[in-house]
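Engineer: Mind having a look at this structure? Questions to follow.
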Amino acid sequence: MAHGRPGLTGALLAALPPLGFLVVFFLWPVAAIIRLGLLGDGVGAVLASADTWGLVGFTVGQAAAATAVAVVAGLPVAFLLARTSLRGNGFIRAAVLVPFVLPTVVVGLAFRSLLPEGGVVAIVLANAFFNVAVVARSVAGVWSHVDRRAEDAARVLGASRLRTFLSVTLPVLRPAIGSAASVVFLFCATSFGVVLLLGGGEYSTLETEIYLRTVQLLDLPGAAALSLLQVAAVFAVLVIGAVTRRRQAAARMRGTAETARRPVGGEWAVVAVAYAVVALLLVPIAALVVRSLSTVDGWGLAGYRALAGTGYRGSLQVSGWEAAENSLRAATDATLLALVLGVLASVALVSLARTKARPGLVDALDTAFMLPLGVSAVTVGFGYLITLDALPGDLRTSATLVPLAQALVVTPLVIRMLLPVLRSIDDRLRQAAATLGASPWRVWREIDIPLAGRSLLAAAAFGYVVALGEFGATSFLARPDSATLPVVIGRLVARPGELNNQMAYAACTLLMLVTIAVVALIERLRVASVGEF
Amino acid sequence: MLAVDGLTVRYRGVTAVSDVDIQVADGEVVALLGPSGCGKSTLLRAVAGLERPDAGTVSWDGRDLGDVPVHKRGFGLVFQDGQLFPHRDVRGNVAFGLRMAGKPLDRVDELLSLVGLAGYGARRVTELSGGEQQRVALARALAPNPRLLLLDEPLSALDRALREQLAVDLSRVLRASGATALVVTHDHDEAFTLADRVAIMSAGRIVQVGRPEEVWRRPVDAETAHFLGASLVVPAAVADGVVTTEFGVAALPWAPEGDVVLALRPTALVVGEGPVRGTVVARVHRRDHVRLSVEVDSRTVDAVSGVGDAPVVGAGVSLRLDPAGIAVVGPTP
């Protein structure tokens, strides 16, 4: 251990818990679904059915449309954040992040209050609303480091501003835009809560159909076949995304400060569009708050008061406040678990890269840890239902299943936020500490942890809101008496009664307030970026 | 004392360090001098314990360090670009090694004055200039009283004026602290300023070890002579301390008698009264002299002249031999 392969054994030991978790709570359930899908005669029948392909068509179509909207809306905001030094950019950064971390049910409900008819337009807009942040922030991250002098050179050579953007800037940004778009497409294609709330009975995607077949039609082989189809599609998109990401490193990078300045001339028009986008992003949020306060008898707090009860004619088995308590408890457990697993995984990946281990091994592990981000939460939740019987302790009916599933979703986010920071620490800094007498453990304590501390805190906060709002897997796994707030909201809007609606809007507003508070905290920590998607 | 015996380090099939032997006595400063890529930094890292040798040993006072991890070797290391801890101030950086060793921190101010940074303790390291950062890095490495100080191109990242100033300071600090040190550098001025002995490395091997003036005057082969700036190789004969060449005669009392091979630095040929005539084909002004390319009998040689009376391109000049620029190539007996 003295040298040569410092900590190879340690790195592999650190990788064991997250890998074990991944195998038991992800690979096994997903493999079981694939097996179930392949074994029955479901696959053939499902694949041959015209309904299936209609479903696939709608899933892909709405996701593509939402991605296009998100990219078009996100680029001006990316310009504003990356290239201008205007007052208020900090607020803009935070404001676009809020929709991204809002629970899906909250977004679904916000758009329902705006467009009560629901339908395709509402679904596309809601999915785009979520993901403007992904485009704006990840493209801005690259844009702010792109050397501005190439653009200056093009201008000096006689290119107009637009021409310069199209022929110089855009080609440099294309990999970042492509990568962001593939992630957005993935999020939209597997979006569950939004489609469930806005599609009514009329529109459904693969994701919602899997849920309906499992929960309402009890058609497990059919659901498994659809899951199989979805896993295959997701894998394809992930590979495309990985390929575009690999090409991204080529752009010449500079510090941020040199590239941001006051906008000039036509740039103000772009800035105006960016402000309009941000204003539009705030509309559904405002509509939700307004709706939660308006009752049949004018303004009032009826919805909030109703949270103490179980809804109109006892629609629920828990009160709103009990559900909120369930949410907080599950999200806390999930976040703690995800932090432990995510830190271990990041440490393992960083330490492995430092040894003479083959780079392929590091890449493969990295991709494996990211898999849960790609596969839909509904598929995972469904997988738990058909596998976890085999584990001791009757896990399937236990309340611990919810935090476990949430941790699975949150862990990749923690890794994505922590890993770039740990990787950016020059290895010679650690070596300097070692030659000054710091043991390997002490090096982590003195160098890595202080330098990555803010990112760890931000990852915890970010993971917490994601766990708090997790809907897809939780709605499969939560029992009626352990329902979380998003599940309760989903249940309330599916039942009749104005009180239920009121209560749902009030619950959404509460969830949103928690989310905004956490986003404000993340922004205060001034972490460079929320992950490298 | 440090002893490296038969050390070999390979990187993915490429041999970076090949069968190297070298010793550093207590209180001695040894420079590893060689072109970039010759394996000198790898050798230094192997001594620090940051690379695993494929063969050979690193030992201290006769004890093999093969099983001693980096943090227990008690060796200090200064990187080319400081590698100060960005989350600690100057004091926190210098105190780091003392904290690791559980020693009192009262030496910190003393060390900061030693490197000429008294009163800098509370500064953020990101606010320091490159030269100041290197001084802090040196103080940090010296603080825990390492038994051996390893310096990896300590001055290379600095601009030239600063580099020369800091080389003198570094030499003073090393002497004042009585440090035993191994310095890696590709700059022979730096090596000769700092070191008691210089080891020339080439393609993973140490080709020559000796006192600076010895290495300067008697490079072991033409390649080493070339690396040390003497590119023109000419045959010569030495008799009674006087060397006779095609460019004339010069007094070399230290040269071995008989037939020898000389390597000439540009400064060995000076415009003045001499037997060789040629035509100036190019000239470049340096700080305190002018470098000339002179065509002599259809070959071009480097020469120098004073700044005031530098001949123009195309002028005919005669050259004389200056003994200060002459090296005798070949192994010393």
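Taken together, the values in this text are just the output of simple stated rules run on the coordinates, not laboratory data. Since we're looking at a predicted model, the values are computed, not measured. Neighbour counts are summed over all protein chains in view; Cβ atoms, including those assigned to glycine, are modelled from backbone coordinates with ideal geometry.
Engineer: Let me see the pair-distance distribution of the stretch A:55-300: every alpha carbon pair, 10 Å bin width, integer percents in order.
Structural biologist: The distribution over the stretch A:55-300 is 7, 27, 30, 21, 10, 3, 0, given as percents.
Engineer: Let me ask you something else. At B:VAL261 and A:GLN216, where each label point lies 7 Å from the Cα along Cα→Cβ, what is the point-to-point distance in nanometres?
Structural biologist: 9.2 nm
Engineer: Shifting gears a bit: Taking amide H positions as placed in the peptide plane 1.01 Å from N, state which residues far from B:LEU151 in sequence (5 or more) or on other chains have amide H under 5 Å from it.
Structural biologist: For B:LEU151, whose amide H was placed from the backbone, the distant partners under 5 Å are B:VAL78, B:LEU182, B:VAL183, B:VAL184.
Engineer: In addition: Where the only charges are on Cβ atoms (+1 Lys, Arg; -1 Asp, Glu), what is the dipole of the stretch A:338-451 about its Cα centre, to the nearest 20 debye? Provide the component values of the computation, followed by the final result.
Structural biologist: Details: 10 positive and 8 negative charges, 75 e Å.
Its charge dipole is roughly 360 debye.
Engineer: Which percent of the Cα-Cα distances in chain A go past 40 Å? Don't skip to the answer; put the middle values down first.
Structural biologist: Working: 34535 of 141778 pairs.
That tail contains 24 percent of the Cα-Cα pairs.
Engineer: Sticking with this one: Would you kindly compute the Cα radius of gyration of the stretch B:2-223 and its largest Cα-Cα separation (Dmax), both in Å?
Structural biologist: Reported Rg and Dmax, both Å: 17.1, 52.
Engineer: Something else: How big is the charge dipole of the stretch B:224-329 about its Cα centre, in debye rounded to the nearest 20, if each Lys and Arg gets +1 on its Cβ and each Asp and Glu gets -1 on its Cβ?
Structural biologist: On the way: 8 positive and 11 negative charges, 94 e Å.
Charge dipole, the stretch B:224-329, about its Cα centre: 440 debye, nearest 20.
Engineer: Among A:LEU81, A:LEU55, A:LEU157, flag the residue with its Cα farthest along the positive direction of the charge dipole of the stretch A:55-300, charges on Cβ as +1 for Lys/Arg and -1 for Asp/Glu.
Structural biologist: After comparing all options, I get A:LEU157.
Engineer: Moving to a separate point now. Rounded to the nearest 5, what % of the DSSP beta bridges within chain B are antiparallel ones? Intermediate results must be reported in sequence, preceding the final value.
Structural biologist: Details: 58 of 76 bridges.
Within chain B, antiparallel bridges account for around 75 percent of the total.
Engineer: For A:LEU468, A:LEU404, which order do you get if you count the other beta carbons within 10 Å of each Cβ and list the fewest first?
Structural biologist: A:LEU404, A:LEU468
Engineer: Please report how far the C-alpha centroid of the stretch A:68-114 lies from that of the stretch B:118-185, rounded to the nearest whole angstrom.
Structural biologist: Centre-to-centre (Cα) distance: 49 Å.
Engineer: What percent of all Cα-Cα pairs in the stretch A:119-246 falls into each 10 Å bin, going from 0 up to the bin containing the maximum distance?
Structural biologist: Per 10 Å bin, starting at zero, the Cα-Cα P(r) for the stretch A:119-246 comes out as 12, 29, 27, 17, 10, 4, 1 percent.
Engineer: Going by Cα centres, the stretch B:57-106 and the stretch A:130-154 are how many Å apart?
Structural biologist: If we compute the Cα centre of each part, the gap is 41 Å.
Engineer: Helix-derived [θ] at 222 nm for chain A: sum -39500 (n - 2.57) over DSSP H runs of at least 4, divide by residue count, nearest 500? Walk me through the numbers on the way to the answer.
Structural biologist: Details: 25 runs with 389 residues, N = 533.
Mean residue ellipticity, 222 nm, calculated: -24000 deg cm²/dmol.
Engineer: Between the stretch A:303-348 and the stretch A:407-465, what is the separation of their alpha carbon centroids in Å?
Structural biologist: 28 Å
Engineer: For B:MET1 and A:ASP426, what is the calculated FRET efficiency with R₀ set at 41 Å and r taken between the beta-carbons, to the nearest 0.05?
Structural biologist: Approximately 0.80, to the nearest 0.05.
Engineer: In a Debye calculation with equal point scatterers on the alpha-carbon sites of the stretch B:224-329 and no solvent, what is log10 I(q)/I(0) at q = 0.13, 0.16, 0.17 Å⁻¹?
Structural biologist: -0.44, -0.66, -0.74
Engineer: Could you give the size of the charge dipole of the stretch A:55-300 about its Cα centre, using +1 on the Cβ of each K and R and -1 on the Cβ of each D and E, expressed in debye and rounded to the nearest 20?
Structural biologist: So the dipole magnitude of the stretch A:55-300 works out to roughly 1280 debye.
Engineer: Here is a further query. Only bridges whose two residues both fall in the protein assembly as shown count here: according to DSSP, what percent of them are antiparallel, nearest 5?
Structural biologist: 75 percent
Engineer: As a check on your grasp of the helix formula, calculate [θ] at 222 nm for chain B: sum -39500 (n - 2.57) over DSSP H runs of n ≥ 4, divide by the residue count, round to the nearest 500.
Structural biologist: After summing the helix terms and dividing by the residues of chain B, the value is -7000 deg cm²/dmol.
Engineer: Restrict the search to the stretch A:65-104; then list the trypsin sites (Lys or Arg not before Pro) that DSSP places in a loop and that have at most 12 other Cβ atoms within 10 Å of their Cβ.
Structural biologist: A:ARG87
Engineer: P(r) for the stretch B:1-79, please, calculated from all Cα pair distances in 5 Å bins and given in %.
Structural biologist: Pairs per bin, as whole percents: 3, 14, 28, 28, 19, 6, 1, 0.
Engineer: Modelled label-to-label distance, A:TRP268 and B:ASP297, 7 Å Cα→beta-carbon offset: nm?
Structural biologist: 7.8 nm
Engineer: Using DSSP loop states and a limit of at most 10 other Cβ atoms within 10 Å to flag GluC sites (Glu not before Pro), what is the longest stretch of chain A containing no flagged site?
Structural biologist: Answer from the scan: A:203-533.
Engineer: DSSP loop chymotrypsin sites (Phe, Trp or Tyr not before Pro) in the stretch A:308-387 with at most 14 other Cβ atoms within 10 Å of their Cβ, which ones?
Structural biologist: none
Engineer: Can you put B:MET100, A:MET370, A:MET512 in order of Cβ neighbours within 10 angstrom, beginning with the fewest? Write out the running numbers ahead of the final one.
Structural biologist: Working: B:MET100 20, A:MET370 17, A:MET512 24.
Least to most surrounded, the residues fall as A:MET370, B:MET100, A:MET512.
Engineer: Taking the beta-carbon count within 10 Å as an exposure proxy, list B:TRP216, A:TRP143, A:TRP53, A:TRP441 from fewest neighbours to most.
Structural biologist: Ordered from fewest to most neighbouring Cβ atoms within 10 Å, B:TRP216, A:TRP143, A:TRP53, A:TRP441 come out as A:TRP441, A:TRP53, B:TRP216, A:TRP143.
Engineer: Oh, and also: Among A:GLY497, A:ALA65, A:LEU510, whose Cα lies farthest out toward the positive end of the dipole of chain A, if unit charges sit on the beta carbon of Lys, Arg (+1) and Asp, Glu (-1)?
Structural biologist: Final value for the positive-end residue is A:ALA65.
Engineer: Given the options B:LEU2, A:VAL146, A:GLY381, identify the residue whose Cα lies farthest towards the positive end of the charge dipole of the protein assembly as shown (+1 on Cβ of Lys, Arg; -1 on Cβ of Asp, Glu).
Structural biologist: Among B:LEU2, A:VAL146, A:GLY381, the one farthest towards the positive end of the dipole of the protein assembly as shown is A:GLY381.
Engineer: If you add up the charges near A:GLU267, with Lys and Arg at +1 and Asp and Glu at -1, over every other residue whose beta carbon is less than 11 angstrom from its beta carbon, what do you get?
Structural biologist: +4
Engineer: I'd like the projected area of the stretch B:184-227, averaged over all directions, using the convex hull of its alpha carbons. Report it in nm² with one decimal.
Structural biologist: It is 2.8 nm².
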